[in-house]
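To start, the structure itself, in structure tokens.
Read-outs: derived from the displayed coordinates by stated rules, not from any lab. A quick note: this is a predicted structure, and the numbers were derived from the prediction, not measured. Please note: Cβ atoms are built from the backbone with ideal geometry, for glycine as well, and neighbour counts cover all protein chains shown.
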Amino acid sequence: MSDSDDTQLEARLAEQESFEPPASFVEQANVSDPEIYEEFEENWPDCWERAADLLQWESDYDEVLVDDDEPFYEWFTGGELNASANCLDRHLDDRGDETAIHWEGELGESREYTYEDLHREVNETAAALRDLGVEEDDVVTMYMPMIPELPIAMLACARIGAPHSVVFAGFSADALATRMESADSEYLVTCDGYYRRGDPLNHLEKTNEGLADVAHDTTTVVVDRLGDALDHELAEDQLDYDDLVADHEGASVEAVTRDAEDMLFLMYTSGTTGKPKGVKHTTGGYLSYAAWTSHAVLDVKPEDTYWCSADIGWITGHSYIVYGPLALGTTTVMYEGTPDYPDKDRMWDIVDSYDVNQLYTAPTAIRAFMKWGSDYPDRHDLSSLRLLGTVGEPINPKAWKWYYKHIGGESCPIVDTWWQTETGGMMITTLPGVGTMKPGAAGPPLPGIDAQVVDEAGEEVAPGEAGYVTVNKPWPGMLRTLYKNDERFVSEYWEAYSDPDSDEWVYFPEDGAKIDEDDYITILGRVDDVINVSGHRLGTMEIESAVVGVEGVAEAAAVGGDHEMKGEAVYTYVILEDGYEEGEEMKQSIVEGVEDAIGPIARPEEVLFTPELPKTRSGKIMRRLLEDIANGEDLGNTSTLRNPEVVDDIQEKL
Ligand code: PRX
């Protein structure tokens with residue numbers, strides 16, 4: 001294409017506000033009938049049988065939805081199934097020799113697991129865990145990076161009915177300890193280390209630091225990822241994963257029968273308070289929902305090679321690297337490393353060499369690709385791609401169009417999927433075989449999902465006006481409660497908009513949004529004290545308590561400021577105790593304090609020292625004002641503050 005053609009194309013794309021899915025995609029799509037929205041609405045909640053039908057049930061459920069004790073809903077009550085049998089055993093006859101997981105290590109090595117292979121190793125691991133004493137309903141923690149043993153351990157747990165709790169490997173030792181304590185988890189599967197940008201990273205040391213803070217006894221299994229690349233010694237009571245699996249070679253473990261409502265896993269996520277919330281997902285509802293959305297939105301078919309580049313340590317990886325794709329019997333790609341190692345075309349190299357059909361990634365990554373330039377994707381043949389997806393944060397139209405043109409070659413629909421750890425799966429997005437795409441707007445709620453945008457009083461807002469997302473009917477993938485904290489479950493998610501007296505229960509995801517005439521929802525971001533850094537969810541209170549934990553810090557506030565690449569970045573405002581000096585050294589300790597308490601993802605972009613924080617007359621920190629300061633916005637009238645003079649002072653420093 002000549003330069004002028006290219007410029008013309010850019011100009012046309014820049015102006016285009018809506019895009020139709022290509023006819024070639026629609027023709028082959030799993031879901032292409034526009035009537036599906038009406039069909040789901042008319043048959044609700046029985047419409048969700050369509051999701052349950054994607055699974056194999058050991059015994060049929062009696063009822064699709066039980067809502068006797070709202071908001072503690074039950075889905076597919078009476079049904080029995082096992083998640084690991086659904087992801088493995090039932091595919092063996094037809095797809096035993098087909099690839100289940102294509103794993104690519106950062107250094108270029110690869111491993112391929114057929115469904116047979118995966119089934120075998122999951123059985124061996126399940127037998128090993130059981131021998132260690134893991135019983136049904138014991139929570140097993142996993143603290144592992146993107147290595148195949150992570151999904152293997154998850155499926156092994158599912159096989160024996162032990163819920164897993166995966167802690168993102170980038171989280172700190174403290175974060176591991178808090179989660180293990182909160183879940184009373186006595187078992188841990190971890191690894192010696194992994195590679196980051198070519199260097200071996202010691203993970204076991206961090207694990208051991210965390211374990212030292214866990215009060216109860218624990219049994220730890222360690223996967224050897226690095227071999228000789230890193231010297232490490234297991235403590236006397238730590239077990240080597242390979243030895244355990246070898247000891248159980250050829251073992252066969254019957255998949256235990258689980259009730260639909262039995263817990264499949266726990267996933268900790270950040271909220272308004274400093275303590276992470278243990279989101280509980282169940283076997284029947286979650287798995288049906290992950291499978292259904294993978295089928296309807298990601299258009300996954302068994303013969304596809306599908307790649308979600310998220311980390312399994314977050315919900316996206318649970319639902320859309322492990323459970324959804326494997327439930328559908330497809331080939332799922334797992335990549336260990338970073339997108340720019342050894343060069344900035346690593347992603348495109350993977351798409352090219354594995355002939356990836358669907359790519360599901362995050363806007364923050366797309367913004368980075370855009371900055372690196374189209375030469376990198378242009379070096380590769382990306383024509384195997386059929387569908388693109390994004391998740392985790394809003395995608396700006398410019399990045400959307402870049403993705404559409406340079407990665408999708410203008411022939412792949414893009415699904416901008418809005419959802420949360422709590423929702424289990426996608427909630428608001430276009431159906432790629434049905435809907436018009438509008439860059440910037442996630443789309444309409446999925447069929448069967450009753451989402452709205454409302455004002456403070458719960459009334460639907462007019463098109464174009466800002467409000468809050470609410471979900472007015474339950475759905476199968478929803479969280480069932482916060483682990484051992486029903487009260488917080490009700491107060492966090494249901495109290496804001498529900499009216500229990502008239503039996504109206506409304507889920508509040510704590511996101512701001514607007515809606516247009518066609519019911520397309522544009523997500524504006526969190527309205528609680530959660531910051532979204534590169535699609536990773538961090539609580540301001542968690543960061544503040546880490547900063548205050550640093551010696552010499554008297555008080556701190558953390559807010560999210562706009563960031564070109566990360567979406568949002570962490571800004572901290574810090575008051576020191578008398579006798580401590582503001583300066584680089586102190587900044588360094590604060591940054592380290594946050595990294596130690598949470599992990600490098602929470603690293604503050606700015607640490608600003610201030611003698612006071614702006615407060616209301618009742619003494620509350622004005623976080624919104626601090627956000628506006630970080631974003632260099634006009635602050636309007638600040639005279640209602642107790643201490644308006646500090647604002648100028650902080651602004652000057654920035
Ligand atoms: O603010 C929304 C944002 O991510 C939050 C959920 O974070 P988490 O539970 O970590 O799950 C992330 C992956 C599902 C939401 O409350 N978010 C997620 N997807 C989008 C989004 N914001 C805008 N557009 C999206 N597509």
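Sort out for me the Cα centre separation of the range 1-68 from the range 461-495, rounded to whole Å.
Using only Cα atoms, the two centres lie 23 Å from each other.
If the reach is capped at under 19 angstrom between alpha carbons, list the lysines near Lys275, excluding any in the same chain fewer than eight residues apart.
Partners within reach: Lys484.
Determine the sum of side-chain charges near Glu121: Lys and Arg each +1, Asp and Glu each -1, restricted to other residues whose C-beta is under 13 angstrom from that of Glu121.
Every neighbour counted, the sum reads -4.
Need the C-alpha centroid separation for the range 373-391 versus the range 190-241, integer Å.
36 Å
So if I take the centroid of the Cα atoms in the range 112-185 and the same for the range 556-602, what is the distance between those two points in Å?
33 Å
Filter the cross-link list Lys438/Lys473; Lys344/Lys371; Lys277/Lys514; Lys371/Lys398; Lys301/Lys401 down to pairs whose alpha-carbon distance in this structure exceeds 19 Å.
The pairs that break the limit, which is 19 Å between Cα atoms, are Lys438/Lys473; Lys277/Lys514; Lys301/Lys401.
Helix-only estimate, please: 222 nm mean residue ellipticity of the chain, summing -39500 (n - 2.57) across DSSP H runs of length 4 or more and dividing by its residues, to the nearest 500.
For the chain, the value works out to -8000 deg cm²/dmol.
Pull out a ≥ b ≥ c, the square roots of the eigenvalues of the alpha-carbon gyration tensor of the range 96-165, then state rounded if a/c is under 1.5, prolate if not and a/b is larger than b/c, and oblate in the remaining case.
Note, shape of the range 96-165 comes out oblate.
If you take every DSSP beta bridge whose two residues both sit in the chain, what share of them, in percent to the nearest 5, is antiparallel?
Rounded to the nearest five, the antiparallel share is 60 percent.
Using a/c under 1.5 as the rounded threshold, could you call the chain rounded, prolate or oblate? The axes a ≥ b ≥ c are square roots of the C-alpha gyration tensor eigenvalues, and prolate needs a/b larger than b/c, oblate otherwise.
rounded
Explain nothing, just compute: Karplus ³J(HN,Hα) = 6.51 cos²θ - 1.76 cosθ + 1.60, θ = phi - 60°, for every residue of the range 268-275 in order, whole Hz, x for Gly and Pro.
Couplings: 7, 9, 7, x, 6, 8, x, 8 Hz.
Hey, what did the range 569-635 get for relative contact order, percent, Cα under 8 Å, at least 6 apart?
Rounded, it is 36 percent for the range 569-635.
Using alpha-carbon pairs under 8 Å, 6+ residues apart, how would you state the relative contact order of the range 529-653 in percent?
22 percent
State, as an integer percentage, the relative contact order of the chain based on alpha-carbon contacts under 8 Å between residues 6 or more apart.
So the answer I get is 13 percent.
Classify the range 528-606 as rounded, prolate or oblate from the Cα gyration tensor: take a ≥ b ≥ c as the square roots of its eigenvalues, call it rounded if a/c is under 1.5, otherwise prolate when a/b beats b/c and oblate if not.
Prolate, because a/c is 1.5 or more and a/b exceeds b/c.
Have a look at the DSSP beta bridges in the range 78-231 and tell me what percent are antiparallel, nearest 5.
Of those bridges, close to 45 percent are antiparallel.
Sort out the exposed loop trypsin sites (Lys or Arg not before Pro) in the chain (DSSP loop, at most 14 other Cβ within 10 Å) and tell me the longest stretch that has none.
1-196
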